[in-house]
Amino acid sequence: MPYANNQSVRLFYQTWGEQAGDDPIVFAHGAGGNAASWWQQVPWFADRHRVLAFDHRGFARSACPPEAFSRRYFVEDLVAIMDDAQIDRAVLVCQSMGGWTGLGMALEHPERVSALVMSHTPGGISTPEMDTIRRDAADRRPALTSPFAHWAVAPDFHEKHLALSHLYTQISGFNTSLDLSLMGRELQTPIDLARFSGYSIPTLFLTAEQDAIFPPEMIHLAAAQVPGAEVKMLGDAGHSSYFESADLFNRTVQEFLDGLE
């Protein structure tokens with residue numbers, strides 16, 4: 001299994017579809033996942049693209065000590081991974097927390113990003129109205145009543161797809177040494193919106209009706225801050241449409257990429 005290195009941390013990644021001709025796709029997971037989260041995307045895209053999935057530092061196979069776990073390293077970690085995989089430029093598909101990595105990469109190293117997909121994430125974009133929506137959504141969440149339920153999917157997902165709901169929590173369970181409380185404040189630090197001056201990377205925001213973490217109206221407001229960005233709704237999924245509605249998610253991403261050709 002390949003590893004890249006940054007700041008003395010070994011960063012796990014895997015690639016597939018080495019002979020595919022279209023732009024490479026790099027998948028950046030959210031705080032409830034790791035590289036294994038993309039099990040429904042990797043086989044789907046590997047026929048047309050070189051595909052890379054990685055574990056952020058501190059997650060699953062990218063172990064690091066607590067003092068080295070910080071979101072501020074995520075962008076340079078991704079640079080190290082792409083360099084090690086000999087990928088000069090890629091489409092970034094980013095879920096939730098991964099949006100901070102992807103949007104940070106787009107702003108700091110735009111020459112390395114051919115397109116950006118922001119799945120259920122504001123990626124550090126913040127406005128007072130967005131903050132209010134997020135707080136109100138958190139206050140309205142009822143208690144979970146099943147060990148198979150999870151806030152990162154629709155509230156009724158476990159009732160419709162019990163085994164998949166269990167699989168979601170099992171994949172999350174691979175993050176055995178992770179303490180996300182170390183990163184909480186960092187995810188609240190907003191991006192300076194002036195940095196979007198001159199921004200020209202094709203960007204797609206994805207959201208769904210039952211996202212209780214970053215509600216759709218919040219994602220629409222985030223997208224409005226990004227020049228040229230599109231927004232697509234993916235039905236009645238929750239926060240993890242890539243997992244809950246994989247076929248629709250995959251087709252929507254591919255249609256976006258096809259439209260750039």
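A few points about this structure:
- GNM top mover of THR207, THR176, THR145 - the chain, alpha-carbon springs below 10 Å: THR145
- In terms of other Cβ atoms within 10 Å, SER62, SER146 run from fewest to most in the order SER146, SER62.
- Projecting the Cα atoms of PRO66, VAL93, ALA35 onto the charge dipole of the chain (Cβ charges, centred on the Cα centre) puts PRO66 farthest toward the positive pole.
- Centre-to-centre separation between the Cα atoms of the stretch 112-126 and those of the stretch 201-261: 10 Å.
- Mean Cβ count within 10 Å, highest first, over the residues of peptides 231-240, 93-102: 93-102, 231-240
- Spin-label model distance (nm) - THR145 vs ASN250, 7 Å beyond Cα toward Cβ: 3.5
- Anisotropy class of the chain from Cα gyration tensor, a/c 1.5 cut: rounded
- Annotation for SER8 and SER177: the two label points, set 7 Å from Cα along the Cα-Cβ direction, are 1.3 nm apart.
- Highest average packing first - 151-158, 244-251, Cβ atoms within 10 Å: 151-158, 244-251
None of the figures in this text is laboratory data; all of them are computed from the coordinates on show. Every value quoted in this text rests on a predicted model; they were computed, and no experiment measured them. Counting neighbours? That spans all protein chains shown, and the Cβs are built from the backbone with ideal geometry, glycine included.
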